[in-house]
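Student: Pasting in a structure now, in structure tokens, and then I'll have a few things to ask.
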Amino acid sequence: MFRRWRQNVRIYHMANAIYPGSFDPVTRGHLDIIERASALVGELTVAVLKNNAKSPLFSVEERVNMLKDVTRHIPNVRVESFDGLSVEFARQCGAAFIVRGLRAVTDFEYELQMAQTNRSLQPGIDTLFFATELKYAYISSTIVKEVASYGGDISGFVLPQIAEQVHAKMAARASAIK
Ligand code: PNS
């Protein structure tokens, strides 16, 4: 279905972009943004932040590998990890845009502040916001981990191979605590 939709979209190939985030783990909502953003730009680099203040469930290598796996059908997407400022990584990638998804009004204040900070740091780089598809609007990596930690069904939130890895990680953590 993605392939058919993409054939109908005019591919602008206007510039490169990065899509920075924690992706701990990648959700169906992230993937939707990646598919839509990659159809508009030459190359989209999904950029996984290494030194995140939040203590992640998955290592940066695991997150990069999961993203590579779920984006293998999109030829102009590459996945990298980065450290430091998003704008600096965007500059290194020759990207003109930073892609972010907006799920709800609650995202807006933080995202606007981040976009304005990034713009003041690097005026040549703009933020492109994508309104999250309504069916994914409530999904976040945090929600995925919360539901999985109680053994709930996360198949609507992440792809099957990601769900498998989340459950495996949760099980490993639980047995380490015992
Ligand atoms: O998926 P997240 O956790 O919402 O992503 C947040 C992220 C990684 C985009 C943001 O924290 C970020 O850009 N961090 C890198 C440091 C940086 O550039 N900070 C300045 C922006 S205020």
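The values are calculated or read from the model by the stated rules, or taken from the named source; none is laboratory data. None of these values were measured; they are calculated from a predicted model. Positions of Cβ are backbone-derived with ideal geometry, glycine not excepted, and every protein chain shown enters the neighbour counts. Ligands, DNA and RNA are excluded from the accessible area calculation, which covers all protein heavy atoms including side chains. Shrake-Rupley method; radii C 1.70, N 1.55, O 1.52, S 1.80 Å.
Student: Only one of these conditions is not met by GLU111: (1) charged (D, E, K, R); (2) buried (at least 21 other Cβ atoms within 10 Å of the Cβ); (3) in contact with a Leu (Cβ under 8 Å, 6 or more places away or on another chain). Which number is it?
Tutor: (2)
Student: Any chance the range 149-166 includes a residue that's within 18 Å of LEU44 (Cα to Cα) and either open to solvent by 70 Å² or more (accessible area, probe 1.4 Å) or within 14 Å of the ligand (Cβ to nearest atom) (or both)?
Tutor: No: zero hits.
Student: Could you list all residues from the range 142-178 that are farther than 15 Å from VAL26 by Cβ, among the charged types (D, E, K, R) and not in a loop (DSSP other than H, G, I, E, B)?
Tutor: Of everything in the range 142-178, those that are farther than 15 Å from VAL26 by Cβ, among the charged types (D, E, K, R) and not in a loop (DSSP other than H, G, I, E, B) turn out to be GLU146, ARG173.
Student: Another one. All but one of (1) free of Cβ contacts under 8 Å to residues at least 60 places away in the same chain; (2) crowded, with 18+ Cβ neighbours inside 10 Å hold for GLN122; which doesn't?
Tutor: Unmet for GLN122, out of (1) free of Cβ contacts under 8 Å to residues at least 60 places away in the same chain; (2) crowded, with 18+ Cβ neighbours inside 10 Å: (2).
Student: Ok, one more. With the condition kept exactly as written, say whether any residue in the range 26-44 is of a type outside the set (S, T, N, Q), part of a strand (DSSP E or B) and surrounded by 19 or more Cβ atoms within 10 Å (Cβ to Cβ).
Tutor: Checked against the condition, which is being of a type outside the set (S, T, N, Q), part of a strand (DSSP E or B) and surrounded by 19 or more Cβ atoms within 10 Å (Cβ to Cβ), the range 26-44 yields at least one hit.
Student: I'm told SER55 meets every condition in (1) within 9 Å of the ligand (Cβ to nearest atom); (2) surrounded by fewer than 18 Cβ atoms within 10 Å (Cβ to Cβ); (3) under 22 Å from SER149 (Cα atoms) except one. Can you identify the failing condition by its number?
Tutor: Every condition holds for SER55 apart from (1).
Student: Return the total of residues in the range 90-108 being touching a residue at least 12 places away in the same chain (Cβ under 8 Å), open to solvent by 20 Å² or more (accessible area, probe 1.4 Å) and more than 10 Å from the ligand (Cβ to nearest atom).
Tutor: Summing the residues that are touching a residue at least 12 places away in the same chain (Cβ under 8 Å), open to solvent by 20 Å² or more (accessible area, probe 1.4 Å) and more than 10 Å from the ligand (Cβ to nearest atom) in the range 90-108 gives 8.
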